[in-house]
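Only one structure is covered here, and it is reproduced in the block below.
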Amino acid sequence: MELLLFDRINIIKDTINRYGEENFYLSFSGGKDSTILHYLLDIALPNNRIPRVFINTGIEYDAIVKFVKELSEKDDRFTVILPTNPIKKTLETYGYPFKSKQHSHNLAIYQHSGINWSVKRYLGYVESNTIFRCPKILNYQFTPNFDIKCSDKCCLKLKKEPIQKWEKVNGKTIAILGLRQGEGRQRASHKGCAVFKGNDLVIFKPLNPITDEWEEWFIEKYNIKLCELYYPPFSFKRTGCKGCPFSLDLQWELEIIKELLPNEHKQCEMIWKPVYDEYRRIGYRLHKPRNYEQLNIFRELLSSSKEK
């Protein structure tokens, strides 16, 4: 653990000193990874002035927004930016996310211009080595009968475009991200800590080789306070856009916030209503949660706690 800490500190020092502190900013989500990275930067580079930039998309958990606000009141390096349009208008204009970015992207192509080669490949109509295929249960969406406007532009419009605008205004060219290689299939292919565009460093990921075990050790060693969502009774493993239809554990997430954050649950049901309705209609993603037994145990513990 100490050796890995020493290694990360040196990687951070060497990289930021090489490319100039004035060019970096930390993309701060308020989650565990970015909070750890916030403190790790200060250990590696005491008194650094690297901005911590939080995008309040309008679908962040209230506890996350509160957590960032508390940090910003004590640390002037934190800044909060907003998207150009609110979430509801963004979804109505560009389309709703459904299943995954890959699925939503292909569905948007079909809805805009019909079946092209990319859509045929996704539907399995042509030979391809890609691992991404449309589940048979969702094939009906690539027909004129499916009328929910879908796209993968939600993150682009709510996160990427606002931060790109902020980068340009503030002259920052290198984003420090709290991405880790062990966080799922897509991120498993993220090799190395540096992403270049030509000869220019554009993304720096110091946590890429970090494990869950190391993070827990680091949090305990430096007595780091996380957002309250990571502690009981919530015990979230990850935070992000609340109620996002891309979440594999959406049913579990909704059950938890329905019990503990009823107002935010209502907000999710309102924002994502067309997608949720369709999920429930076809019995996809919003049905029996994968951790159903854990959910029953959670409900029993919560009920007992309320009675006491």
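Numerical summary
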item	result
Some residue of the range 93-109 being free of Cβ contacts under 8 Å to residues at least 40 places away in the same chain, assigned by TED's automatic domain parsing to the domain that holds GLU213 and either over 22 Å from PHE204 (Cα atoms) or among the hydrophobic types (A, V, I, L, M, F, W, C) (or both)	no
Scan of the range 1-44 for residues that are of a type in the set (Lys, Arg) and crowded, with 20+ Cβ neighbours inside 10 Å, ordered by number	ARG8, LYS32
Some residue of the range 180-203 being surrounded by 15 or more Cβ atoms within 10 Å (Cβ to Cβ), in contact with a Ser or Thr (Cβ under 6 Å, 6 or more places away or on another chain) and not charged (D, E, K, R)	no
Residue pairs meeting the criteria (Cβ under 6 Å; at least 6 apart or on separate chains; first assigned by TED's automatic domain parsing to the domain that holds PRO209, in the range 6-35; second among the charged types (D, E, K, R) and not in a helix (DSSP H, G or I))	TYR25/LYS172; LEU26/ARG52; PHE28/ARG52
Inter-residue pairs, beta-carbon under 7 Å, first surrounded by fewer than 19 Cβ atoms within 10 Å (Cβ to Cβ) and in the range 148-170, second of a type in the set (D, E, K, R), 6+ apart	ILE148/GLU278
Single residue of the range 45-67 satisfying the filter (farther than 12 Å from ILE81 by Cα and of a type in the set (Lys, Arg)) that is surrounded by the most Cβ atoms within 10 Å (Cβ to Cβ)	LYS66
Any hit, the range 17-39, residues being in contact with a Pro (Cβ under 7 Å, 6 or more places away or on another chain), within 30 Å of PRO233 (Cβ to Cβ), assigned to a helix (DSSP H, G or I) and not small (Gly, Ala, Ser)	yes
First in the range 216-227 and farther than 16 Å from PHE67 by Cβ, second anywhere and in a helix (DSSP H, G or I) and among the β-branched types (Val, Ile, Thr), Cβ under 8 Å, 6 or more apart	PHE218/ILE36; TYR222/ILE43
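Listed here are the residues, each with its yes/no results for (1) under 24 Å from TYR284 (Cα atoms); (2) within 19 Å of the chain's Cα centre (by Cα); (3) surrounded by 13 or more Cβ atoms within 10 Å (Cβ to Cβ).
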{"residue": "ARG77", "(1), (2), (3)": "no, no, yes"}
{"residue": "HIS105", "(1), (2), (3)": "yes, yes, yes"}
{"residue": "ASN129", "(1), (2), (3)": "no, no, no"}
{"residue": "ASN139", "(1), (2), (3)": "yes, no, no"}
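Residue-wise test of (1) surrounded by 13 or more Cβ atoms within 10 Å (Cβ to Cβ); (2) farther than 23 Å from CYS241 by Cβ; (3) in contact with a strand residue (DSSP E or B) (Cβ under 8 Å, 6 or more places away or on another chain); (4) modelled with pLDDT of 65 or more.
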{"site": "GLU255", "(1), (2), (3), (4)": "yes, no, no, yes"}
{"site": "HIS265", "(1), (2), (3), (4)": "yes, no, no, yes"}
{"site": "TYR276", "(1), (2), (3), (4)": "yes, no, no, yes"}
{"site": "GLY283", "(1), (2), (3), (4)": "no, yes, no, yes"}
{"site": "ASN291", "(1), (2), (3), (4)": "yes, no, no, no"}
{"site": "PHE298", "(1), (2), (3), (4)": "yes, no, no, no"}
{"site": "SER304", "(1), (2), (3), (4)": "no, yes, no, no"}
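The values are calculated or read from the model by the stated rules, or taken from the named source; none is laboratory data. Bear in mind the structure is a predicted one, so any value in this text is a computation, not a measurement. No Cβ is skipped: glycine too gets one built from the backbone with ideal geometry, and neighbour counts run over all protein chains shown.
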